[in-house]
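Participant: Input: one structure, supplied below.
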Amino acid sequence: MKAELTEQIIPFLVVIIAYIGLMAYIGWYATRQTRTFSDYLVMSGKAGAVLSGLAYFATQYSMSTFMGVPGTVYHVGYAGMSVSVPGIVFSMMIPALLVGRRLIRLGHRYGMLTMADYLSDRYESTGMRGLLAVIMIIFLVPMMGAQTIGGGIIFNTYTGAPEWVGIVIMGITVIMYCITGGIRSIMITDVIQGLLMVATAVVTFLAALKLGGGMELINQKLVAADTRLLTHPGVNGGMPWANYASMIVMWSFFTIGQPHLFTKFFTMKNYNVMFKAVILGTLGMLFSATLVEWCGVLGRVSFPDLVGKDSDYIVPYILHAGVPPIVSALMVAGIFSAGMSTISGVLLTTTSAITRDLYQRIFKKDATDADALRLSRYVTAGLGVLAILIGISKPSSIFQLVLFAFGGLGIWAAPILAGMYWKGATKMGAIVSVVCGEVIFVLLTLKFKALTFGFNPLIIAWIIAVIILVVVSCFTQRVSAATIERHFEALDAPLKSAPAKSAQAAPAD
């Protein structure tokens, strides 16, 4: 099959070159609208519903949505669709309900631009800002590298060129439009990429139905092959209930702790925009996730002999066999988009961690926004190159890298929620809980998997982190009354009653 896919090299190259050209034009266009550091990071809080909804959806989806998860479903059967579909339904709703409204208000009233802006101000801790920045770099850079791996695989599959060529092309393209236009170029490209991902899911699903002879015949063949393909927990118990529950919680609740998704609420214009964006983003994610993961089990009938990682190619195989070459190439660009949209969102967020949270707020407090903006472009380039190098080294599978990075950042949901809903949460409680939670998560992931009882390590580590936060907070000093008033009573009051004080620079530890 891989040999046959390389026969589509001309249509593939034509589409990819045109697509890269379009991304470059958007970057050039966006740079004309980007004049301040706030413009660069959050569009100065002026994003509308379409931009916000599709940008959240596109950033949430990654290369593993099209290259990793369908391969898992291929081996497990219909039960494998629980890898992400149930959680995707709530992945934007829950953050919007729990933190979205308050983040929009915090951004507009106090000029907050990043997750660290919120945490450092709420806990009166510059150290919290530095801790988050370091952990973001540790986990987000490998997440970017994971996306480039998928780009390399696709490029190799369709052209026969070494994987590093595709990795470099994808990485450089994202670096260029991120450097030029910041969040504006990212969100505009996310709209195109999001629509292309939906189209890819629809076309692949229809092609899989056509190749298999329709749903009824496909299901009959699946029953004949192995009845476990249609039942839970799937073939070889591949989706036990503990893992099923973990996936729902992982992809919904713990998006609260993801900095690249958290900051999307700072870009939104108002609550009305958030409401519409949630509807649009949720429908886009649910619709496309359901269809593309469904293709994993439908494709088993048409391509029954895939083993190991070969199943990761199930979506390109279906497209190659089921649609004309130019359509197949266009849809594969949709898979490319899934990686690029995630890289761009993560790249800008990681850049903000270095330029705003470390440089401007810790190491050089007299640096102006203009200074930070200039530095941001160099940092973006450097981080992008580092992601390319990780992709070339290929330390693990796409899905495993994404899952590990997502889990490491999910721990931060504890201090975020405690800070918003419990006045008694303290600086020491937040810091100790995060440090212990991260250490426990890594140990459970790498060394003590048996202690997770079948659940994702993040679930166990986060529960322990919450307990630590509560206990330590009960015995340590609370933040000042002024900070509590600013984050609770004043924040909930009408805008005219809110204090004019900016919260961008938190008091030092």
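Participant: Yes or no: the range 126-138 includes at least one residue that is among the basic types (Lys, Arg) and crowded, with 24+ Cβ neighbours inside 10 Å.
Facilitator: Among the residues of the range 126-138, at least one is among the basic types (Lys, Arg) and crowded, with 24+ Cβ neighbours inside 10 Å, which makes the answer yes.
Participant: When you look at Ala321, is it open to solvent by 20 Å² or more (accessible area, probe 1.4 Å), over 15 Å from the mean Cα position of the chain (by Cα) and not β-branched (Val, Ile, Thr), yes or no?
Facilitator: Working: open to solvent by 20 Å² or more (accessible area, probe 1.4 Å): yes; over 15 Å from the mean Cα position of the chain (by Cα): yes; not β-branched (Val, Ile, Thr): yes.
Answer is yes for this residue.
Participant: Considering only residues that are assigned to a helix (DSSP H, G or I) and over 18 Å from Ser246 (Cβ atoms), look in the range 444-471 and name the one that is most open to solvent (accessible area, probe 1.4 Å).
Facilitator: The selected residue is Ile467.
Participant: Considering only the range 369-382, I want to know if a residue exists there that is open to solvent by 40 Å² or more (accessible area, probe 1.4 Å), of a type in the set (Lys, Arg) and under 25 Å from Ala58 (Cα atoms).
Facilitator: Yes; the residues of the range 369-382 include at least one that is open to solvent by 40 Å² or more (accessible area, probe 1.4 Å), of a type in the set (Lys, Arg) and under 25 Å from Ala58 (Cα atoms).
Participant: Consider the range 150-164. How many of its residues are within 18 Å of Leu389 (Cβ to Cβ) and in contact with a Ser or Thr (Cβ under 8 Å, 6 or more places away or on another chain)?
Facilitator: Counting residues in the range 150-164 that are within 18 Å of Leu389 (Cβ to Cβ) and in contact with a Ser or Thr (Cβ under 8 Å, 6 or more places away or on another chain) gives 1.
Participant: Okay, moving on. For the subset of the range 187-246 comprising residues that are open to solvent by 30 Å² or more (accessible area, probe 1.4 Å) and of a type in the set (S, T, N, Q), which member is farthest from Gly80 (Cα to Cα)?
Facilitator: Gln220
Participant: Identify, please: which residue in the range 397-443 is assigned to a loop (DSSP other than H, G, I, E, B), within 18 Å of the chain's Cα centre (by Cα) and of a type outside the set (Phe, Trp, Tyr) and is, among those, surrounded by the most Cβ atoms within 10 Å (Cβ to Cβ)?
Facilitator: Of the residues in the range 397-443, the ones assigned to a loop (DSSP other than H, G, I, E, B) are 397, 411-412, 422-426.
The next check asks that each one be within 18 Å of the chain's Cα centre (by Cα); those that pass are 397, 411-412.
Adding the requirement that they be of a type outside the set (Phe, Trp, Tyr) leaves 397, 411.
Values: Ser397: 17, Ile411: 27.
Looking at residues that are assigned to a loop (DSSP other than H, G, I, E, B), within 18 Å of the chain's Cα centre (by Cα) and of a type outside the set (Phe, Trp, Tyr), I get Ile411.
Participant: Since Phe265 meets every condition but one in (1) buried (at least 20 other Cβ atoms within 10 Å of the Cβ); (2) farther than 25 Å from Gly339 by Cβ, which condition does it not meet?
Facilitator: All conditions are met except number (2).
The values are calculated or read from the model by the stated rules, or taken from the named source; none is laboratory data. These numbers were taken from a predicted model, which means no experiment stands behind them. Note: ideal-geometry Cβ built from the backbone for every residue, glycine included; neighbour counts use all protein chains shown. Ligands, DNA and RNA are excluded from the accessible area calculation, which covers all protein heavy atoms including side chains. Shrake-Rupley method; radii C 1.70, N 1.55, O 1.52, S 1.80 Å.
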